[in-house]
Amino acid sequence: MNVSSPARDAADTGTPHPYAALTPDAVLDALAGVGLYGDGRLTAMSSYENRVYQIHLEEPHAGHNVVVAKFYRPGRWNAAQILEEHTFAAELMAAEIPVVGPLALNGATLHDFGGFAFSISPWRGGRAPELDDFEVLEWIGRFLARIHTVGAARPFAARPALDLQGFGIEPRDWLLGHDIIPLDVQGAWQAACEKALKLIADHAPLTTATSPQNTGIRLHGDCHPGNILWTPTDRPGGGPHFVDLDDARMGPAVQDLWMLLSGDRRQRTVQLGALLDGYEQFREFDRRELALIEPLRTLRLIHYSAWLARRWSDPIFPINFPWFGSSDYWRGQVDTLNEQIEAMEEAPLDGG
């Protein structure tokens, strides 16, 4: 990775990353501290932002033989922001929406051990939903509408909004300010990024989170297929289950729909139509928000590069993203940004 000294990670200076202290014994000790005892079977689950473990218990708790312990990344969210996530999850579960939220243990959902904030949730099995099945998409759309109905009831007070400043301008400035981008491609990336951000600022409808007058509703925030677990529908409670509200924030409703779309324009149009068919059975959808799909995709692209660079001190990132930081990576980002500029200049999807 071609970075200058201001952005060098903790590994370069010999300082261990905080997660180095989160050994299996520490995880089990944290669990014991809230009255749960693992039987020794502990499996690290796929998660980069936090550390998440599946743990089998010696004795069931509230009917759960297996739980998931989530240790929040130090310095990302404060306690008030994490508790807002937990409260939102509790509201959704109270509305009988299949969201997997944290357990209340000793009267609390957020706990501390060794400087780590953590929570414990029941383990939920399942597989990724089959998004080429329109019935599945319609079913997911119905639950997203119900999530948004709860989310619209009141705003977050501590969590931020998904907006142009936080997901576009600030990460752009941070990448450039820390000399993360190799000089041979920095100018091209900056020019493409500037053009993309100006297009978003000039053309995004004022009914969205890009407007300071309207910060949207409470969202799942990261509703990609990996955060929806599908269980067989011939069993009680079968269908979609939504997990990982870690990125919950204020924003436009379409943020929770567009990541479920894939393929060419025709395929995405049909998929979107199925999602909205389900969604509009429970909640009105403002079709003007469809113009935000490509701007939101573009913001995620810029934010993702900064996210990788900011996490580079965590040893799991160089291992899993060895391609990041090269000139080839950034040239690919320039190409993708230019493709997004073209996409934003096209007519938005109409959803059928």
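The values are calculated or read from the model by the stated rules, or taken from the named source; none is laboratory data. Quick caveat, the model's predicted, so the values are computed rather than measured. Positions of Cβ are generated from backbone atoms using ideal geometry, with glycine treated the same way; all protein chains shown enter the neighbour counts.
General observations
- Listed by first and then second residue, the pairs linking a residue in segment 263-278 that is under 18 Å from Pro240 (Cα atoms) to a residue that is part of a loop (DSSP other than H, G, I, E, B) and among the small types (Gly, Ala, Ser), with Cβ atoms under 6 Å apart and 6 or more places separating them unless they lie on different chains, are Leu272/Gly351; Leu276/Gly351.
- Scanning segment 157-168 turns up one or more residues that are farther than 24 Å from Leu337 by Cβ and aliphatic (A, V, I, L, M).
- Looking only at residues of segment 166-178 that are of a type outside the set (A, V, I, L, M) and under 12 Å from Ile302 (Cβ atoms), we find that the one that is surrounded by the fewest Cβ atoms within 10 Å (Cβ to Cβ) is Asp173.
- Of the residues making up segment 148-176, those that are over 24 Å from Asn78 (Cβ atoms) and of a type outside the set (S, T, N, Q) are His148, Ala152, Arg172, Leu175, Leu176.
- Taken together, the residues in segment 121-136 that are of a type in the set (A, V, I, L, M) and either surrounded by fewer than 17 Cβ atoms within 10 Å (Cβ to Cβ) or in a strand (DSSP E or B) (or both) amount to 1.
- Check on Leu197, under 15 Å from Arg300 (Cα atoms), hydrophobic (A, V, I, L, M, F, W, C) and outside any loop (DSSP other than H, G, I, E, B): yes
- Among the residues listed as Phe143, Phe156, Phe118, the single one being part of a helix (DSSP H, G or I), crowded, with 19+ Cβ neighbours inside 10 Å and within 20 Å of the chain's Cα centre (by Cα): Phe143
A quick yes/no check of all residues on (1) closer than 28 Å to Arg331 by Cα; (2) among the aliphatic types (A, V, I, L, M); (3) touching a Phe, Trp or Tyr at 6+ places or on another chain (Cβ under 7 Å); (4) modelled with pLDDT under 95:
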{"position": "Pro155", "(1), (2), (3), (4)": "no, no, no, no"}
{"position": "Arg159", "(1), (2), (3), (4)": "no, no, no, no"}
{"position": "Asp163", "(1), (2), (3), (4)": "yes, no, no, yes"}
{"position": "Trp189", "(1), (2), (3), (4)": "yes, no, yes, no"}
{"position": "Thr207", "(1), (2), (3), (4)": "no, no, no, yes"}
{"position": "Asn214", "(1), (2), (3), (4)": "no, no, no, yes"}
{"position": "Gly238", "(1), (2), (3), (4)": "no, no, no, yes"}
{"position": "His241", "(1), (2), (3), (4)": "no, no, no, yes"}
{"position": "Ala248", "(1), (2), (3), (4)": "no, yes, yes, no"}
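- Selected residue (only one of Ala145, Ala161, Ala117, Ala104 is touching a His at 6+ places or on another chain (Cβ under 8 Å) and among the small types (Gly, Ala, Ser)): Ala117
- In the set Trp230, Trp312, Trp307, only one residue is assigned to a loop (DSSP other than H, G, I, E, B) and of a type in the set (A, V, I, L, M, F, W, C); that residue is Trp312.
- Of all residues in segment 38-65, those that are buried (at least 17 other Cβ atoms within 10 Å of the Cβ), of a type in the set (A, V, I, L, M) and touching a residue at least 24 places away in the same chain (Cβ under 8 Å) total 1.
- Among (1) at pLDDT 95 or above; (2) more than 21 Å from Leu164 (Cα to Cα); (3) touching a Ser or Thr at 6+ places or on another chain (Cβ under 9 Å), the one test that Asp350 misses: (1)
- The lone exception for Ser326 - which of (1) of a type outside the set (A, V, I, L, M, F, W, C); (2) buried (at least 17 other Cβ atoms within 10 Å of the Cβ); (3) closer than 30 Å to Thr15 by Cβ it fails: (2)
- Residue in segment 265-286 that is of a type outside the set (Gly, Ala, Ser), within 30 Å of Leu83 (Cβ to Cβ), assigned to a helix (DSSP H, G or I) and more than 20 Å from the chain's Cα centre (by Cα) present: yes
- Looking only at residues of segment 247-264 that are over 16 Å from His303 (Cβ atoms) and outside any loop (DSSP other than H, G, I, E, B), we find that the one that is farthest from the chain's Cα centre (by Cα) is Leu257.
- Segment 103-115 - residue that is outside any strand (DSSP E or B) and in contact with a strand residue (DSSP E or B) (Cβ under 7 Å, 6 or more places away or on another chain) and, of those, surrounded by the most Cβ atoms within 10 Å (Cβ to Cβ): Thr109
- The set of residues in segment 84-108 being in contact with a Leu (Cβ under 9 Å, 6 or more places away or on another chain) and either more than 23 Å from Ile55 (Cα to Cα) or in contact (Cβ under 8 Å) with a residue 60 or more places away in the chain (or both) consists of Glu85, Phe88, Ala89, Leu92, Pro98, Val99, Val100, Gly101, Leu105.
- Qualifying positions in segment 261-293 - polar (S, T, N, Q) and either more than 26 Å from Ile341 (Cβ to Cβ) or surrounded by 22 or more Cβ atoms within 10 Å (Cβ to Cβ) (or both): Gln271, Gln281
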